[in-house]
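*Asks:* Got a structure here, written out as structure tokens. Questions coming.
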Amino acid sequence: MSVHRTRGWTCEHGAVALEPVTSPARIFTFVLTVGLSLLLLIPIGAAAQIVLTSQIEDESKTEVIVVMDPTGAWNNQRAAKSGRLMRASELYTSGVAPVIMVTGPNRAFEKSRAELEELGVPANDVIYQPTGTDTLGTLAVVATLLKDLGWSSATIVTDPAHSARAQVTAGKYGIDSHMSPSSGEGTSLTAEYVAREAIALVRYYLYNQWELPRIVVDK
């Protein structure tokens, strides 16, 4: 007959009360499991946010339509730019905003404006704002221009997968942002595109957002 020993103490009525045995190994395992679970939930949550935001087609009236430059994108940049300009022209024609702002390097502006003119947007309603090729820098410049013009709202046109990161960044700068993603070649929500944007979005939440100033103040 085997005997099992239990650590405990005997109360005055003779009953045995068990003492909780807490093993350092068990504590470590529990903490490690919780930590790994949280690390897995962060990118999963980011991917879910990307997919959900990509479905938004916000055609609320704003003060300007901002076309994000695709130079740093992972897809066919020429096709992506054409798709964004096409979407911007549709929004303009629908009366979403009276002006289209094209961002990116100076060398690409004239071609973009000519393409918008072919799509029915008058040249006088197209403005150019030279920016960098990254999301943080581009939207910082856009926010500064909006502040100088006394504007606060913008419809942002970019790829569906990039919409989530553009939206949270614009919001951090104080822009009342409305997302209306483009479509066409290179804009599909592929696993690779979503994974790359999820990594970038997690990096934004963990590091970038704490460094961004609020540029546009509420009216």
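*Asks:* Apply 1/(1 + (r/R0)^6) to the Cβ-Cβ distance of residue 149 and residue 199, taking R0 = 41 Å, and write down the FRET efficiency to the nearest 0.05. Before the final figure, lay out each step's value.
*Replies:* On the way: r = 34 Å, r/R0 = 0.83.
Here the calculated transfer efficiency is 0.75.
*Asks:* Related question: I'd like the FRET efficiency for residue 218 and residue 127, computed as 1/(1 + (r/R0)^6) with the beta carbon distance as r and R0 of 22 Å, rounded to 0.05. Please report the intermediate quantities before stating the final value.
*Replies:* Numbers: r = 23 Å, r/R0 = 1.06.
Using R0 = 22 Å, I get an efficiency of 0.40.
*Asks:* Next question, about the same structure. If you take the charge dipole of the range 54-211 about its Cα centre, with +1 on Lys and Arg Cβ and -1 on Asp and Glu Cβ, which of 195, 120, 183 is farthest toward its positive end?
*Replies:* Going by the charge dipole, the pick is 195.
*Asks:* Taking Cα pairs under 8 Å and at least six residues apart, what relative contact order does the range 54-211 come out at, in percent? Before the final figure, lay out each step's value.
*Replies:* Details: 273 pairs, mean separation 47.2, N = 158.
Worked out over the range 54-211, it gives 30 percent.
*Asks:* Of 61/147; 81/172; 81/111, which ones are farther than 22 Å apart at the Cα? Intermediate values should be presented prior to the final figure.
*Replies:* Values: 61/147 18 Å; 81/172 25 Å; 81/111 11 Å.
As for pairs spanning more than 22 Å Cα to Cα, those are 81/172.
*Asks:* Taking 0.36 nm per residue of separation and subtracting the Cα-Cα distance, what length does fully extending residue 48 through residue 118 add?
*Replies:* On the way: separation 70, 0.36 × 70 = 25.20 nm, distance 3.68 nm.
Result for the pair: 21.5 nm of gain on full extension.
*Asks:* Continuing with this model, one more query. Using a cut-off of 13 Å between beta-carbons, work out the net charge of the residues near residue 134 (Lys and Arg +1, Asp and Glu -1, residue 134 not included).
*Replies:* Working: positive: 165, 203; negative: 69.
Residues near residue 134 contribute +1 overall.
*Asks:* Once the piece of chain linking residue 94 and residue 190 is laid out straight, how much longer is it, given 0.36 nm per residue of separation minus the C-alpha distance between them?
*Replies:* Gain in length upon complete extension: 31.6 nm.
Computed from the coordinates by the stated procedures, all read-outs in this text should not be read as laboratory data. These figures come from a predicted structure and were not determined experimentally. Please note: Cβ atoms are built from the backbone with ideal geometry, for glycine as well, and neighbour counts cover all protein chains shown.
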